[in-house]
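Computed from the coordinates by the stated procedures, all read-outs in this text should not be read as laboratory data. Bear in mind that the values here come from a model prediction, so they are computed numbers and not experimental data. All Cβ positions, even for glycine, are placed from backbone atoms using ideal geometry, and neighbour counts span all protein chains on display.
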Amino acid sequence: MCLAVPGKIMSIDATSADPLLRTGKVSFGGMLREVSLAYVPETKIGDYVIVHVGFAISQLDEQEAERIFEDLQQIAAHSRTDLYHRKP
């Protein structure tokens with residue numbers, strides 16, 4: 001199973017003229033990570049992207065990103081509940 005996570009682009013490193021080397025800092029719930037933006041050359045600061053293994057693979061709008069964040073929070077809450085109610 002593969003997992004891709006939404007994040008918000010906080011900054012873009014514009015030091016390379018090569019679009020394949022374009023990177024940016026992406027926030028995942030306040031945690032910043034360096035991400036390759038090579039596959040989403042049209043993105044800009046403030047945009048939301050789906051990230052898989054360090055690569056932004058698609059762009060999405062803010063409403064869709066918020067919906068995904070809510071779904072992930074529900075999954076996490078449900079998982080914690082399941083851990084407490086398991087029988088040995």
* For residue 47, residues with placed amide H under 5 Å, excluding near neighbours -> 9
* Structure fact -> For region 24-35, in residue order, the Karplus 3J(HN,Hα) values (coefficients 6.51, -1.76, 1.60; θ = phi - 60°; whole Hz; Gly and Pro = x) are x, 8, 10, 8, 10, x, x, 8, 8, 9, 7, 9
* Asked: Only one of the listed values, (i) 37, 35, 21; (ii) 57, 26, 22; (iii) 57, 37, 27, was derived from the coordinates as Cα extents along the principal axes in Å; which label is it?
  -> (ii)
* Asked: Using θ = phi - 60° and the Karplus form 6.51 cos²θ - 1.76 cosθ + 1.60, what ³J(HN,Hα) does each residue of region 36-48 get, whole Hz, x for Gly and Pro?
  -> 6, 10, 4, 7, 10, x, 7, 6, 9, 4, x, 6, 9
* To do: Report, by chain and number, residues whose modeled amide H sits under 5 Å from the one on residue 12, excluding near sequence neighbours (fewer than 5 apart, same chain).
  => 25
* Asked: When the chain is treated as a GNM, springs tying every alpha-carbon pair under 10 Å, which of 56, 38, 76 comes out with the largest mean-square fluctuation?
  -> 76
* Asked: Picking from 45, 75, 57, which is most flexible by a Gaussian network model of the chain using Cα springs under 10 Å?
  -> 75
* Among 32, 21, 60, residue whose mean-square fluctuation peaks in a GNM of the chain (springs only between Cα atoms under 10 Å) -> 21
* Structure fact -> By Cβ neighbour count within 10 Å, fewest first, 49, 26 rank 49, 26
* Asked: Hey, what angle do you get for helix 62-85 against the long axis of the chain, alpha-carbon based, 0 to 90 degrees rounded to 10?
  -> 30 degrees
